[in-house]
1. Pick from region 96-112 the residues that are among the hydrophobic types (A, V, I, L, M, F, W, C) and part of a helix (DSSP H, G or I): which of them is most open to solvent (accessible area, probe 1.4 Å)?
2. Could you check how many residues of region 46-77 are closer than 15 Å to Thr28 by Cα and modelled with pLDDT under 90?
3. Please give the number of the condition Pro53 fails out of (1) closer than 21 Å to Leu18 by Cβ; (2) in contact with a Gly (Cβ under 7 Å, 6 or more places away or on another chain); (3) not β-branched (Val, Ile, Thr).
4. Is one or more of the residues making up region 10-21 in contact (Cβ under 8 Å) with a residue 24 or more places away in the chain, farther than 24 Å from Asp128 by Cβ, in contact with a Lys or Arg (Cβ under 8 Å, 6 or more places away or on another chain) and open to solvent by less than 60 Å² (accessible area, probe 1.4 Å)?
5. Evaluate region 73-95: report whether one residue or more is surrounded by 14 or more Cβ atoms within 10 Å (Cβ to Cβ), in contact with an Asp or Glu (Cβ under 8 Å, 6 or more places away or on another chain) and over 30 Å from Asp13 (Cα atoms).
6. Could you list, in sequence order, the residues of region 43-68 that are loosely packed, with under 14 Cβ neighbours inside 10 Å and charged (D, E, K, R)?
7. Output the number of the condition that Glu40 fails; it satisfies all remaining conditions of (1) in contact (Cβ under 8 Å) with a residue 40 or more places away in the chain; (2) more than 30 Å from Leu131 (Cβ to Cβ); (3) loosely packed, with under 13 Cβ neighbours inside 10 Å.
8. Restricting attention to helices (runs of 4 or more DSSP H) lying wholly within region 13-74, give those where 2 or more residues are under 11 Å from the mean Cα position of the chain (by Cα).
Amino acid sequence: MKKLLQLPPLSTDMGVLLLRLFFGGMFTYYGWGKIAAYNEILPQFGDIIGIGPKLSFNLVIFGEFVCGILIALGLVTRLAVIPSFITMVVAYFIAHGNDAFADKIPAFTYLILSVIIFINGSGRYSADALLFKKKDNTLS
């Protein structure tokens, strides 16, 4: 029984891939929803950080849709997750700052997942691994 509980992970790289696909897929989904309903959502989108509602909304779309695709592909993952992280920081602390924690759980979850993706990087099964492969086949 003790040996069963001490098994090594099946595949850390597979776990990173699944995390990236889930996170990137969900962000792409949310971003596409905003693109598809752009003209309906924009008038309701407030100027919560003082740069204007249109620029704020476009930055959210970039952080969700464009960066979501890059994260799912594992292309410049650590760079792409930064706008997603910033989007979730603003959503959690500013846009939903006065909401109950239960209403902020999705933003909080994605904020934490973005940190985990940043720490882990893109992993072996990614576009980064194919494009930036080192001679010893490891990623830093």
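The values are calculated or read from the model by the stated rules, or taken from the named source; none is laboratory data. Since this is a predicted model, take the numbers as computed values, not measurements. Cβ sites come from the backbone with ideal geometry, for glycine too, and all protein chains shown count toward neighbours. These area figures cover heavy atoms from the full protein model, side chains too; ligands, DNA and RNA do not enter into them. Shrake-Rupley method; radii C 1.70, N 1.55, O 1.52, S 1.80 Å.
1. The selected residue is Phe101.
2. 0
3. So Pro53 meets the others, but not (1).
4. No, that holds for no residue.
5. No, region 73-95 contains no residue that is surrounded by 14 or more Cβ atoms within 10 Å (Cβ to Cβ), in contact with an Asp or Glu (Cβ under 8 Å, 6 or more places away or on another chain) and over 30 Å from Asp13 (Cα atoms).
6. Result: Asp47, Lys54.
7. (1)
8. Counting at least 2 such residues, we get 67-73.
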